[in-house]
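Q: One structure follows; several queries about it will come next.
The values are calculated or read from the model by the stated rules, or taken from the named source; none is laboratory data. Values in this document were obtained by computation on a predicted structure and should not be read as measured data. Heads up, the Cβs are rebuilt from the backbone with ideal geometry, glycines too, and the neighbour counts pull from every protein chain shown.
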Amino acid sequence: MSDISDERKKAMPVFTVPQELDGITVQNFLRRHCNVSARLLARLKRTTNGITANGRHIRSIDILSKGDIVELVFPDDQCDIVPIEMPLDIVYEDDALLVINKPPFMPVHPVRDHQLDTLANAVTFYSRSKNENYTFRAVNRLDRDTSGLVLIAKSGYAHTFLSGHTEKLYAALCEGEIYGSGTIDAPIRIKEGHTIQRETGEGGVRAVTHYKAIKQAYGHTYLEIELETGRTHQIRTHFASIGHPLAGDDMYGGSRKYFSRQCLHCARLTFIHPISHEKIVAERYPEEFFGLNTEGIKP
């Protein structure tokens, strides 16, 4: 085994070959049963002792036997994001992943007009300050003005695994009063004459939003929302389509009288840990939604 730190070893997945997979090739075992992507497998094959069975190096074409212990050693990442020191609200962290409560007005990834003020810049600085070398990989993405939890994987394997084992719950404040629970099932398309703004209508892509009204106060409703699909601007578009745009969302008809951005926040992430396979729930609810003298609206 290559010389790696105990900290890195904790983030390395270990798999035991079950009896029913006796005689399977290493490649088929990793690709079909262990959530290892083709890209990561190719990198593991180029890494010294990247794949071992029972402590000995093996090739992707080798045959595994029941009971074999297969371990992976991830190659070092190459990260080209500029590290910038910024405060981070860390909700959860271990050797495999990181959960950050992103503030509003911060992009997740660098773009043309935001190269040095993104969550990626801040996390890259933080990781290097801890002598950790991983590429910024966000499992879920939030709009610049949307706040809330962002799950960051510290390896390509963890990113692939978490992408299929993560559930999100959003908190939102919409205009007007809504009661009970409901589902908005309406296709979403790009609005004619626009490049970013969406609308519901014929010819769009199917989109399904489930919501539950929690509290009503001062002409607003606090909602908890789960998405069955993940379309661009889905929550914002769907609530605008039923006459209840998000507070502060002037792109979709909401007023900015009380709020300077759309009141949308990723409040809870529930996921299966890529190494331990334990269920983890990370939560952080949006206090700032309740600045309209709405003490009674908080769930």
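Q: Answer yes if at least one residue in the range 227-245 is of a type outside the set (A, V, I, L, M, F, W, C), farther than 18 Å from Ala213 by Cβ, in contact with an Asp or Glu (Cβ under 8 Å, 6 or more places away or on another chain) and modelled with pLDDT under 95, and no otherwise.
A: no
Q: So which strands (runs of 3 or more DSSP E) stay within the range 23-104 end to end and still have 3 or more residues that are out of contact with any His (no Cβ under 8 Å at 6 or more places or on another chain)? Show your work before the answer.
A: On the way: elements: 51-53, 69-72, 90-93, 97-102.
Ranges flagged: 69-72, 90-93, 97-102.
Q: Among the residues of the range 186-212, write down those that are among the charged types (D, E, K, R) and within 23 Å of the chain's Cα centre (by Cα).
A: Within the range 186-212, the subset among the charged types (D, E, K, R) is 189, 191-192, 198-199, 202, 206, 212.
Result: Arg198, Arg206, Lys212.
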